[in-house]
Amino acid sequence: YPFDETHSNTQSLSVDAENLQKQIDELATFSDTPAPSVTRVLYTEKDVIARRYIKNIMGLAGLSVREDAVGNIFGRWEGYEPDLAPVASGSHIDAIPYSGKYDGVVGVLGAIEAINVLRRSGFKPKRSLEIIMFTSEEPTRFGISCLGSRLMAGSEMLLKALETTVDNQNISFIDAARSAGYAQEENDLRSVFLKKGSYAAFVELHIEQGPLLEEEGISVGIVTAIAAPASIKVDFKGGGGHAGAVLMPHRNDAGLAAAELALAVEKHVFDSGSIDTVGTVGILDLHPRAINSIPSKSHLEIDTRDIDEERRNKVIEKIHESAVSIAKKRGVRLAEFNIINQDPPALSDVSIIEAMKSASKELNLTHKLMISRAYHDSLFMARVSPMGMIFIPCFKGYSHRPEEFSLIEDISNGVKVLALTLAQLSLK
Ligand code: HGY
Ligand code: MN
Ligand code: MN
Ligand code: MN
């Protein structure tokens with residue numbers, strides 16, 4: 001065990017909380033929307049500046065830095081047995097529109113600080129330690145969640161999709177990647193795939209994005225499983241026309257079809273019989289979006305999740321049936337019903353759960369086992385490596401909104417649990 005039983009060394013785990021808070025605040029300034037909100041979208045100018053900032057902090061932590069073809073960034077602390085599979089930690093720094101400054105960031109800046117904590121304590125890693133900043137965990141620009149980690153996990157489907165994927169300005173993924181200095185060669189993307197056994201373990205530190213830890217006054221969440229996410233894109237097409245001249249019986253209103261489907265999503269989720277099923281319509285666009293023109297096209301994007309994969313898949317089937325019946329009833333065309341991703345849940349590795357538990361005990365921190373209802377890069381790293389996640393409390397569970405907040409004391413606790421966990425796993 002890296003620190004002697006007298007607990008003396010764990011007292012030597014000192015987090016530079018002031019500097020970590022400063023870094024969190026500085027990173028938040030690289031945003032396309034005004035403070036306190038943060039918007040930082042894949043490969044935009046603010047994302048590129050933020051990437052440079054992270055690489056610099058990795059350098060200051062003595063990590064050797066490299067990037068892959070889509071801009072996953074790796075900072076490595078070589079261990080004294082460098083041929084053994086390394087232990088990794090990391091998260092993301094991209095931020096959906098008008099969100100907060102802690103989602104993902106705590107797991108990147110906090111992981112780098114965990115390296116500093118271990119260095120300051122005199123720890124020497126046996127297995128190398130690697131900090132990863134994943135490209136585009138959020139689906140904002142290309143509609144695909146966990147793009148970087150999904151690719152690292154070897155998704156052939158994603159590899160194919162990225163050849164043709166464009167954003168809503170019709171810029172292709174490849175051109176956007178090139179503009180940020182990545183994906184120089186066409187067939188570069190396959191090089192992102194990780195070989196099996198690339199990592200002995202992967203541990204992610206993240207804010208809970210839920211209210212439980214704060215409500216129960218518990219310092220650390222030890223994640224046992226990550227819920228199964230899915231997203232669907234739907235387009236309806238109707239005749240449109242003049243809002244005054246076309247009488248109601250002659251209309252096929254694509255906008256009302258979308259509205260009815262959104263309410264059907266809510267109904268099917270409620271009917272699942274479990275509080276663990278969720279469904280959201282976060283995007284609903286009407287065309288031509290004029291007050292006196294009947295919507296001739298509508299586009300909606302549905303996010304539905306559950307910790308039970310079968311139950312979630314049943315909801316998706318019912319949503320599809322509703323889309324077809326609404327289109328028929330309203331005389332509109334269901335032009336697209338495209339399931340973008342329908343991912344299985346992921347289970348944390350038992351030995352990593354044990355390591356996180358003993359680290360929390362060692363630090364006298366209250367902790368509890370819990371599931372993650374949000375998805376994370378860990379969901380995909382679990383496909384290629386044993387995985388674990390550490391949660392810290394966040395204010396009223398707020399996330400994906402500017403009021404997102406975590407106390408630096410809670411963040412520092414998470415960093416110490418991560419440092420001790422990485423140390424244990426590195427010495428295995
Ligand atoms: O949506 C999610 O679950 C993650 O926070 N991107
Ligand atoms: Mn998020
Ligand atoms: Mn996140
Ligand atoms: Mn007119």
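The values are calculated or read from the model by the stated rules, or taken from the named source; none is laboratory data. In this text, all values refer to a predicted model and were calculated from it rather than measured experimentally. Cβ placement follows ideal geometry from the backbone for every residue including glycine, while neighbour counts extend to all protein chains displayed. We work out accessible area using only protein heavy atoms, side chains counted, and drop any ligands, DNA or RNA first. Shrake-Rupley method; radii C 1.70, N 1.55, O 1.52, S 1.80 Å.
If you go through the range 350-364 one residue at a time, do you hit one that is closer than 24 Å to Leu300 by Cα and either assigned to a helix (DSSP H, G or I) or within 16 Å of ligand 3 (Cβ to nearest atom) (or both)?
No; the residues of the range 350-364 include none that is closer than 24 Å to Leu300 by Cα and either assigned to a helix (DSSP H, G or I) or within 16 Å of ligand 3 (Cβ to nearest atom) (or both).
Taking the criterion of being hydrophobic (A, V, I, L, M, F, W, C) and in a helix (DSSP H, G or I), the residues of the range 253-298 that qualify are Ala254, Leu256, Ala257, Ala258, Ala259, Leu261, Ala262, Leu263, Ala264, Val265, Val269, Phe270. In summary, Cys394 fulfils each of the numbered conditions (1) over 30 Å from Lys195 (Cα atoms); (2) open to solvent by 10 Å² or more (accessible area, probe 1.4 Å); (3) within 19 Å of the chain's Cα centre (by Cα) with the single exception of condition (2). Among the residues that make up the range 339-349, is at least one of them farther than 27 Å from Gly217 by Cα, in contact with a Gly (Cβ under 8 Å, 6 or more places away or on another chain) and either surrounded by fewer than 20 Cβ atoms within 10 Å (Cβ to Cβ) or of a type outside the set (Lys, Arg) (or both)? Yes; the residues of the range 339-349 include at least one that is farther than 27 Å from Gly217 by Cα, in contact with a Gly (Cβ under 8 Å, 6 or more places away or on another chain) and either surrounded by fewer than 20 Cβ atoms within 10 Å (Cβ to Cβ) or of a type outside the set (Lys, Arg) (or both). If you go through the range 204-221 and pick out every residue that is outside any loop (DSSP other than H, G, I, E, B), under 12 Å from Val106 (Cα atoms) and among the charged types (D, E, K, R), you end up with 1.
The residues of the range 226-243 that are open to solvent by 20 Å² or more (accessible area, probe 1.4 Å), of a type outside the set (Lys, Arg) and assigned to a strand (DSSP E or B), listed by number, are Ser231, Asp235, His242.
Against the conditions (1) part of a helix (DSSP H, G or I); (2) more than 16 Å from ligand 3 (Cβ to nearest atom), Ile411 satisfies every one except (2). Considering each residue of the range 372-388 in turn, none proves to be part of a loop (DSSP other than H, G, I, E, B), among the aromatic types (Phe, Trp, Tyr) and either farther than 24 Å from Ser149 by Cβ or more than 14 Å from ligand 2 (Cβ to nearest atom) (or both). Among the residues of the range 130-142, are any within 16 Å of the chain's Cα centre (by Cα), more than 27 Å from Gln23 (Cβ to Cβ), within 16 Å of ligand 1 (Cβ to nearest atom) and in contact (Cβ under 8 Å) with a residue 12 or more places away in the chain? Checking the range 130-142: at least one residue is within 16 Å of the chain's Cα centre (by Cα), more than 27 Å from Gln23 (Cβ to Cβ), within 16 Å of ligand 1 (Cβ to nearest atom) and in contact (Cβ under 8 Å) with a residue 12 or more places away in the chain. Number of residues in the range 92-143 that are more than 18 Å from Val65 (Cβ to Cβ), of a type in the set (D, E, K, R) and more than 14 Å from ligand 3 (Cβ to nearest atom): the value is 5. What's the number of the condition Gly122 fails, among (1) surrounded by fewer than 24 Cβ atoms within 10 Å (Cβ to Cβ); (2) in contact with a Phe, Trp or Tyr (Cβ under 8 Å, 6 or more places away or on another chain); (3) among the small types (Gly, Ala, Ser)? So the condition that Gly122 fails would be (2).
Is it fair to say Pro249 is open to solvent by 40 Å² or more (accessible area, probe 1.4 Å) and outside the structural domain of Lys328 (by TED's automatic domain parsing)? No; evaluated as a whole, the condition is false for this residue.
Can you work out which of the residues in the range 388-408 that are farther than 13 Å from Leu212 by Cβ and of a type in the set (Val, Ile, Thr) is nearest to ligand 3 (Cβ to nearest atom)? That would be Ile390.
Restricted to helices (runs of 4 or more DSSP H) entirely inside the range 1-98, those with at least 1 residues that are crowded, with 20+ Cβ neighbours inside 10 Å and modelled with pLDDT of 95 or more are 17-28, 45-60. Scanning the range 228-260 for residues that are within 16 Å of ligand 3 (Cβ to nearest atom) and out of contact with any Pro (no Cβ under 7 Å at 6 or more places or on another chain) yields a total of 1. Go through the residues of the range 149-161 one by one and say whether even a single one is open to solvent by 10 Å² or more (accessible area, probe 1.4 Å), touching a strand residue (DSSP E or B) at 6+ places or on another chain (Cβ under 9 Å) and of a type in the set (Asp, Glu). No, the range 149-161 has no match at all. When you check His367 against the structure, is it outside the structural domain of Val234 (by TED's automatic domain parsing), open to solvent by 50 Å² or more (accessible area, probe 1.4 Å) and within 16 Å of ligand 2 (Cβ to nearest atom), yes or no? Here the answer is no, as His367 does not meet what is asked.
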